[in-house]
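Here the structure comes first, spelled out in structure tokens, and everything after it is commentary.
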Amino acid sequence: MLEVRSISKSFGGLAAVSEATLTVPQGKIISLIGPNGAGKTTLFALISGFLKPDQGSVTFNGLGITNQRPHRICQQGLVRTFQVVKPFANLTVRENIAVAAHTRIAKRALALDKAAEVAARVGLEGALEQSAGALTIAGRKRLELARALATEPKLLLLDEVMAGLNATEIHEIVDIIRSIRDAGVTIFLIEHVMQAVMSLSDYTYVLNHGAMIADGEPRAVTSSPQVIEAYLGHGAAERIAAMAGKFDA
Amino acid sequence: MSDRARLMGWLILIAVLAIAPLFITSGRWIGFLEMTLFIAVLGQGWNILGGYGGQYSFGHAVFFGTGAYIQALLQFKFGWSPWITLWFAVSGAALVGAFVGYLSFRYGLKGSYFALITLAFAEAFHVLSRSFPSITEGGRGVQLALNQDPVQAISTFQFNFAGPFLKAYGFYYTIFAILLLTYWVTWWMERSRFGAQLVAIRENEDAAEALGINTFRVKMGAICLSAAVTASAGVYYVQKYLFIEPGIAYGPTKSVEALFAAIIGGVGTVLGPLLGSFFIHGVGEIAKEIIGPVFGDRPGVDLILFGLILIFVLAFVPRGLAGLLEALWKRKVGGRNA
Amino acid sequence: MELFGIHIPSYGWQTVLGSAISGVFLGSIYALVALGLTLIYGVLHIINFAHGALLMLAMYAVFYLWNSLGIDPYVAMLIVVPGGFLFGYVLQRSVISKASHGRDEIILLVTLGIAIVIENAALFFFSATERSVRVPYDLDGFDLGVTFVVYPELAALGGSLLITLALWLFMSRTDTGKAIRAVAKERQGARLVGINVDHIFAVSFGIGTACVAAAASLLVPTYAVHPQIGYLFVLIAFTVVVLGGMGSFVGALVGGFLIGITEQLGRLYMGESLGVITISVIFILVLLFRPTGLFGQRSG
């Protein structure tokens, strides 16, 4: 469904993303992990049209979308959420979602109705008339998700949708994400919460210093020495292996 | 506040505004109402782009002045009927809106930078209108011929020499009609898909873009609509005063009054500019009554007050008078339900 | 020569040079006014719309000091500059910071409100009549061949350069200057190391106003004062700051001279009326194509 080929982006000499390549097949949940500052959000921005790549290409459903503007890409079915959530603070939850619904629906009344439906899918049905600015962080994350859903996407890019949530909230959102996939939406998510990555994703990509360093089944990838070193530093894999050896003996 | 309650409130307000002047015989107070409604229309024009769209313009006079000049010049130079020239005035201003909008939005100007560039455009038009007397009559200004034939009052859109009713109330009902039309357009916009997208852009442009809104196109639509509404006030001005010159058309006064009314009254609401205009003009009248006898009839008093009120509102009442009313209504309704 | 139907006269190089030189003198004043504005922006990230009104107020102060007490405008600098500093300090501390809530358009509007209050208070108290100061030396000067330079113009250039130098020294050598630069660069960090950021904000605003007061002293011998003069200067000051780069001292200087020269040449070639459009045009072009200006920081 999504093909990213050799995408690169530099800012004033610093390479934020270098020659990243990945594929997201239809109907799957794919995850993108990596230490902070690895360039994951930048990659999302490149895919969704918020940044223009210096080189490389992005193909969505066979169509090249590389230099399109974000709203065009959204209209074609690829929508992203933001790591730092961006609610329409002075509007109600329902109005927030309705704006997104308007991408597919012209009539105001219908959009507002659709908003209520989508809100129910993420568990926000009780907060419809609340001001978005008054929501808790968990509420805002759900709102971010609901808005994206209201655009009837084929591919959903979720950027750290679980950041700031407690264990219960994470559990709930994992279920919601699974139900979204079951409804036919392909999902590509950036996540730090490893249990979620493990339990949700079919395949994982690992980014470090802007470059892809590994990809594969989540379990295999997270136990690869290279990936461990990316997160914990040089030599960490050996130290861990050595410690494990000590306990074995 | 439910839409039904809002609509009821508006109908009452409209009825009052429609009938009240008939009970007023003092020309001064009719003039006061005319001026207030005039600024209310000007303010609504600003409100569409600034209040709903979040793009604060400091040079809205550029639209007022263009509308006024086109209205005046087509009559002055070609003798066209004012009822025809007004269409050109409004669309001409919309074109200027498209021009300013295209440049500003294409190059991503927002916030204070957008405010400043609109100021620069207003100044540029000011200088241009002063420098090409062959086209605009320059600093001399455009003086339209006064129609003294009561029979021609409506066709020349001038009521100074008309039958008794039109003479007293013609201009009032003109600006009232313009108010009704432009406010109805704003009311409709608020409830449309376009309005929802515009407000989303104001709240968070990136998120709006990510959710499929063509932010450039929506902003362009907003600035053109805003320009057209503002120009309608310019059309009224020319018909009422039969005179326009560069300072009046493109000077800072109109730009500032437009944003005063909208911000003090409540940005992003239909009622805001009307409330704001009534409030500041009312305060202005009171101030003149009080200060007049002490200091004489010196200019500047009302604007000092407007400036102070603006600062006060920005600091303590960011939602303006309309926001206050909304809060009071909620408390009343909530109290009954409790 | 005809361009867009406008007749463009041709002048000898002496006339052009003469115009350019008078542009340099004019530009030095623009630079001084812009210096205050760019300092305020660089530290507080405020686009101070009241800057022009403050200039006008200072000019009235200089006028009345001359009119009532017979104090020479240049000597009056010793009074208005500290006075301007105090006024700016109090204004920022008690009004602007309280009313602003952070959003940059709101701050712009607050300063607009202040500008309107000041301008109309001036209109109310001083009336719209132009006030002029006559000093015995305001028509004396010396002949450069291509143009005649009057002493006030020379004083303006000298004064502006001196004040810019003084300001630069202040910013780089004194503790307060360093604190200001720290706050400009990294607000939170400065707070963490114990700098009283609110005080620094007010000091910076005060210095900006003091610059404007100094410019007022230098302007009064050649410009008549009236309540609207602030509005005229505001647009020019903004253009200089945007052209030179927000927050850059060098930019304010270079920008000031460039604008001064361009305006004079514009007047020469396009006439008094149309000539000033060069300012608006430059402003628009810079905002569209190079908003960071010549020397400003590139963001992002």
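Eigenvalues of the alpha-carbon gyration tensor of the range B:283-338, scaled by 5 and square-rooted, set the equivalent ellipsoid semi-axes at 34, 14, 6 angstrom, largest first. Within the listed set B:LEU324, B:LEU37, B:LEU225, the residue fluctuating most in the Gaussian network model of chain B (springs between alpha-carbon atoms under 10 angstrom) is B:LEU324. Per-residue mean of foreign Cβ neighbours for B:249-256 is 2 (Cβ atoms of other chains, 10 Å radius). If I fit a long axis through the Cα atoms of helix C:249-275 and take the longest principal axis of the Cα atoms of chain C, what angle between them do I get, 0 to 90°, rounded to 10? It works out to around 40 degrees. The smallest convex shape that holds all Cα atoms of the protein assembly as shown, its convex hull, gives 213 Å³ per residue. Averaged over peptide B:194-207, the number of partner chain Cβ atoms lying within 10 Å of each residue's Cβ comes to 5. Relative to the longest principal axis of the Cα atoms of chain C, helix C:229-244 runs at roughly 80 degrees. Averaged over peptide A:70-79, the number of partner chain Cβ atoms lying within 10 Å of each residue's Cβ comes to 4. Using Cβ point charges alone (K and R +1, D and E -1), the dipole size of the protein assembly as shown about the Cα centre works out to roughly 1360 debye. Largest GNM mean-square fluctuation among B:GLN148, B:GLN71, B:GLN44, using chain B with Cα springs under 10 Å: B:GLN148.
Between the amide H of A:THR92 and those of A:ALA132, distances stay under 5 Å, these residues lying 5 or more places away or on another chain, with hydrogens modeled in the peptide plane. Among the GluC sites (Glu not before Pro) in the range A:87-141, those located in a DSSP loop and surrounded by at most 16 other Cβ atoms within 10 Å of their own Cβ are A:GLU129.
Scanning residues 5 or more positions from A:ALA211 or on other chains, those with amide H under 5 Å from its amide H are A:SER18, with H placed 1.01 Å from N in the peptide plane. Among B:ILE14, C:ILE114, a tally of other beta-carbon atoms within 10 Å of each Cβ gives an order, fewest to most, of B:ILE14, C:ILE114. In terms of the mean number of neighbouring beta-carbon atoms within 10 Å, the peptides A:43-49, B:178-184 order highest first as A:43-49, B:178-184.
For the range B:157-174, putting each phi into the Karplus relation 6.51 cos²θ - 1.76 cosθ + 1.60 with θ = phi - 60° gives couplings of 6, 10, 10, 5, 10, 10, x, x, 5, 5, 4, 7, 10, x, 5, 4, 5, 5 Hz, in residue order, rounded to whole numbers and with x for Gly and Pro. Just checking the listed ones, B:ILE84, B:ILE30, B:ILE309: in the Gaussian network model of chain B with Cα springs under 10 Å, the one fluctuating most is B:ILE84. Here the scattering of chain A is modelled by Debye summation over its C-alpha atoms, one equal scatterer each and no solvent; at q = 0.12, 0.14, 0.16 Å⁻¹ the log10 of I(q)/I(0) is -0.71, -0.93, -1.17.
Across chain C, the relative contact order, built from alpha-carbon pairs under 8 Å that are at least six residues apart, equals 37 percent. With Cα atoms defining each centre, the range B:120-179 and the range A:53-83 are spaced 52 Å apart in the structure. Here the gap between B:LEU181 and B:LYS288, fully extended at 0.36 nm per residue and compared with their Cα-Cα distance, gives a gain of 35.3 nm. Here are some pairs, A:LYS52/C:LYS98; A:LYS9/B:LYS110; B:LYS254/C:LYS185; A:LYS28/A:LYS52; B:LYS254/B:LYS288; which of them have Cα atoms lying more than 32 Å apart in this structure? Pairs exceeding 32 Å: A:LYS52/C:LYS98; B:LYS254/C:LYS185.
Antiparallel as a % of all DSSP beta bridges within the range A:2-218, to the nearest 5?
55
Relative protection proxy for B:259-269, B:274-284, from highest mean packing down: B:259-269, B:274-284 (other beta-carbon atoms within 10 angstrom).
Just so you know, all these numbers are worked out from the coordinates, no wet-lab data involved. Here the structure is a predicted model, which means the values were calculated and not measured. Counting neighbours? That spans all protein chains shown, and the Cβs are built from the backbone with ideal geometry, glycine included.
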